[in-house]
Every structure is written in structure tokens, then in C-alpha cells.
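In what follows, a structure is listed as C-alpha cells, so that the remarks can point back to it.
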Amino acid sequence: MLRLVSLKLGRLYRYVKLAVLGSLAAALVLNTHSLLASLQRNELSERRFLQLNKCPACWGTSWCRKFLNGQLRLESWGRLRLFDFFNVKNVYFARYGEPREGSRRVVLKRLGSAQELADIDTKICRRATGRGRCDLLQALHATEFASLNGDVRLLTPDAVEGWSDLVHCPSQRLLDRLVRRYAETKDSGSFLLRNLKDSERMQLLITLAFNPEPLVLQSFPSDEGWPFAKYLGACGRMVAVNYVGEELWSYFNAPWEKRVDLAWQLMEIAEQLTNNDFEFALYLLDVSFDNFAVGPRDGKVIIVDAENVLVADKRLIRQNKPENWDVWYESKFDDCDKEACLSFSKEILCARVTVDHNYYAICQNLLSRHATWRGTSGGLLHDPPAEIAKGGRLEALLDECANPKKRYGRFQAAKELREYLAQLSNNVR
């Protein structure tokens, strides 16, 4: 009976697959002329495609000259709008050319799905007029995004607290850093909000409210050793970042030595984001194989999706001393039946100096046997060599890191796991 059901399901899957392929083939035939036209023209030089008309309700304009001059071109299938249906996240791969540097690959992001971007316009209109549709640019000047005008000296916590994960509990020190490092202005380097043009202030605030990923990349740049993709610039509602490499998922079945090195790097990222000289704790609230990529040459692991990053200022926590601020916080293991589950309290992340959240997120969702992704289980360190499996130490450390049995067990397990993985991959640290 079970075999009969599986056979029927297999046939159904094949029929659906053939139907989808047939529909695509038919669409290609019926739209051959428009497809050829789209392959020939460069949409990245078109203001409408970039949604430049939405500015300053956009991400920036620092790279508009490069876009409009035709220095960026979408790669192969990215030029076909027919495939936008499958590109839900609105992420594109393109070639960027400089006369002296040649051509290199970059990643372009709209920072939201088509529906999410439409919702931005709707929210702005509702905030300004109470209606879902309006003159967007006119309405923008009646919102809180325009209320912080040239008379306002600083961007303060009370103005933006809770707008997004990045500023769920902002300190003045963090906000000064965001403004000072804002890359979508020609006059960067000053923490004074009033030094920005009106349009630049609105762009900064809208980015902060709807998708702060560009601000994370700018404020904690790769050039200073932070494990994030490099921010390049924006035009309208399109952001350009450096192409890192294949996503971590493509290494799921890589040789054991490679997977050990990647696992060690992931634990080092967790440590760096938790404990650093700047005393900013950057907590990853969304951890999955798709959110990391690996450099093809240096093999370095980089975070490529930084939308859901909460930043807590440890200096401010020590200064304000909220209840239990100096009590170590242990994240609760979440044995759910979905992929990439995490259990956390933003309020607690904002109120404790010592938190194990990043170790927990990496171990549970990427490394341990509890990690599930795209129908697989076992995590990145699945199927270790017989001599490693026989010893049992790796499995024990991964289990304690994901689901600790002892009080503060995850803190100790994470430390030992980093050292053990370094030893296995011959990384002496």
C-alpha cells in the first residue's frame, strides 16, 4: 500500500514538473519577440526599472551614475522578466564594469518582494493621508520620515526605537555610528543629522524602518573585518553589494575537511559578533544556509543577508543596569518542526551583557543534528569520519551547544567546540 502511494506521488510530481516546463516552453515561444528585446536592452540603465521615481522613498542614489551610464548589466536569465515569478526575493546577479578595473560580478537587491515594496508605498500613504494610494512624494513630507528636518541636530533613540531589528534598542552611540557612516551622502563622516540633505535624511530613515540591511553593511563594514558582504551603493530601490561566492548550502556535501573549516569559521563569526572591542553585540535573528556565502578563492564565510540583525550596546546596558543585566542568559532550545527555527526574546537580548544567542543559532540551525534545511538533516557536520564519530566528542559538543543539559553548558561547549574545530582543521588560534 505504501509503495503504491509513493508511486502515485512520484508520477504526480513528474506530471506537475512536465506541466510547469511545458508552460514555460509555451511562454517562451509566445513571447519570443519581447524576450529577444529584453535580452538586447539594459534595464539597469532605466529609471523606471530602478524605481528612481520613488526617491526619496528609496534606498539611495550614490550609484545612479554607474547604473544610468550602463556600467551594470544583468546576467543571462536575469534579463528575462518572465522569470521574475521565481525570483521572489528580487535578488539579481549582474556584471559591473570599470574602465581600469575590468568587469566583476555584483549582487543587486531590491530589499523586498514586489508585494513588500508595494506595501511601503501603501504604508507611507496611510501614515500621511489615511488612504492606501496617494501622491507618494507629496505624502512623504507629511510623515515622520520628514519630521526630522534640518533643525534636528542628532538622530536620537526616542525617534526611531523599535522601527526595525537594528534599532530595537538603539543607543546614541549606535545611531551616531549609523549617521556618520551613511554611504548615501557626499558629506559622510559627521554624526550630525542636520548635515544631511532633506532627501538623504528621508532615505536613511526609510531604509532604517523598512529594511536596514544596507545600514548594517555600512556601519559594520567588511573593510574593517566584520563578516558581512561589502556595500557598494544604491540607485532608487536597487542596492548593489559585492558578490561573495556560492551560498553555504552548496557546501553541504563538500569533503569533510572543508566542512570542518566552514564550521569553525561560523563559530568564529558567532564569537566576533557577540564579543568585540567595540562592545556592540550583533545578534543574528535569522540564521539559515541561504544567509551565508563562501568566497571561492579564500574560502572565507561571509554573511550575505543582514536584514534581521539586532544590535545591543553593552556599554549602555552596563550603564543603565536593567534588572538581571549581569546574569548570563541562556537561549532556549526550540525543537520545532520547521526549518531554521530560533527562540529568542528581543527584550532580553537588549538587557543582558552576556548572551549565548549567536552560538545557539549557529549550532542549532547550521551545525548540529537538529539542523534541517531543504529536506536534509544532520547539519553541516553530518557523517563525520569513523574515528571522529567513534570518539563521540564532536557529537557531544554539538548537542550541548544546541540543546544544553547543564546550566551555562552552551557557553562552555561553544568555547570547546571552537577549539576542537580549529584543531581538526589545523587552524591554530
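The values are calculated or read from the model by the stated rules, or taken from the named source; none is laboratory data. The structure presented is a predicted model; accordingly, all values stated were derived computationally and were not measured. Cβ placement follows ideal geometry from the backbone for every residue including glycine, while neighbour counts extend to all protein chains displayed. Just the protein is used for accessible areas: all its heavy atoms, side chains included, with ligands, DNA and RNA removed. Shrake-Rupley method; radii C 1.70, N 1.55, O 1.52, S 1.80 Å.
Has segment 325-337 got any residue that is within 27 Å of Gly379 (Cα to Cα), of a type outside the set (Phe, Trp, Tyr) and in contact with a strand residue (DSSP E or B) (Cβ under 7 Å, 6 or more places away or on another chain)?
No, segment 325-337 has no match at all.
Condition first: out of contact with any Cys (no Cβ under 8 Å at 6 or more places or on another chain) and under 29 Å from Asn195 (Cβ atoms). Can you find one or more residues in segment 89-96 that meet it? Let's see the steps before the verdict.
Pass one, segment 89-96, residues out of contact with any Cys (no Cβ under 8 Å at 6 or more places or on another chain): 89-96.
So of that shortlist, the ones also under 29 Å from Asn195 (Cβ atoms) come out as none.
Checking segment 89-96: not a single residue is out of contact with any Cys (no Cβ under 8 Å at 6 or more places or on another chain) and under 29 Å from Asn195 (Cβ atoms).
Mind listing whichever residues of segment 126-155 are closer than 16 Å to Asn53 by Cα and surrounded by 13 or more Cβ atoms within 10 Å (Cβ to Cβ)?
Listed by number, the residues that qualify are Cys134, Leu136, Leu137, Ala139, Leu140, His141.
Could you please find all residues in segment 360-377 being open to solvent by 20 Å² or more (accessible area, probe 1.4 Å) and either touching a Phe, Trp or Tyr at 6+ places or on another chain (Cβ under 9 Å) or within 26 Å of Glu330 (Cβ to Cβ) (or both)? Before you say what the answer is, go through the steps one by one.
Pass one, segment 360-377, residues open to solvent by 20 Å² or more (accessible area, probe 1.4 Å): 369-370, 372-377.
Hits for segment 360-377 are Arg369, His370, Thr372, Trp373, Arg374, Thr376, Ser377.
Would you be able to say whether some residue in segment 417-427 is under 21 Å from the mean Cα position of the chain (by Cα) and part of a helix (DSSP H, G or I)?
As a first pass, look at segment 417-427 and keep what is under 21 Å from the mean Cα position of the chain (by Cα): none.
Checked segment 417-427: no residue is under 21 Å from the mean Cα position of the chain (by Cα) and part of a helix (DSSP H, G or I).
Scan segment 322-331 and tell me whether some residue there is under 20 Å from the mean Cα position of the chain (by Cα), at negative phi and of a type in the set (D, E, K, R).
Checking segment 322-331: not a single residue is under 20 Å from the mean Cα position of the chain (by Cα), at negative phi and of a type in the set (D, E, K, R).
Of all residues in segment 298-309, how many are crowded, with 20+ Cβ neighbours inside 10 Å and either over 10 Å from the mean Cα position of the chain (by Cα) or part of a helix (DSSP H, G or I) (or both)?
Result for segment 298-309: 2.
Check off (1) out of contact with any Leu (no Cβ under 6 Å at 6 or more places or on another chain); (2) touching a residue at least 24 places away in the same chain (Cβ under 8 Å); (3) open to solvent by less than 50 Å² (accessible area, probe 1.4 Å) for Lys258 and give me the number that stays unchecked.
If we test Lys258 against (1) out of contact with any Leu (no Cβ under 6 Å at 6 or more places or on another chain); (2) touching a residue at least 24 places away in the same chain (Cβ under 8 Å); (3) open to solvent by less than 50 Å² (accessible area, probe 1.4 Å), just (3) comes out false.
Hey, could you check segment 221-250 for residues that are touching a strand residue (DSSP E or B) at 6+ places or on another chain (Cβ under 7 Å) and among the charged types (D, E, K, R) and say which is least open to solvent (accessible area, probe 1.4 Å)?
Looking at the filtered set, the residue picked out is Glu247.
List the pairs whose first member sits in segment 54-70 and is under 30 Å from Glu144 (Cα atoms) and part of a helix (DSSP H, G or I), whose second member is of a type outside the set (D, E, K, R) and open to solvent by 30 Å² or more (accessible area, probe 1.4 Å), and whose Cβ atoms are under 6 Å apart, counting only residues at least 6 apart or on separate chains?
As it stands, the answer is none, since no pair meets every condition given.
Each row is one residue, and each column tells you yes or no for (1) in a loop (DSSP other than H, G, I, E, B); (2) closer than 17 Å to Cys363 by Cα; (3) open to solvent by 20 Å² or more (accessible area, probe 1.4 Å); (4) touching a residue at least 24 places away in the same chain (Cβ under 8 Å).
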site	(1), (2), (3), (4)
Leu266	no, yes, no, yes
Pro296	yes, no, yes, yes
Val311	no, no, no, yes
Asn324	yes, no, yes, yes
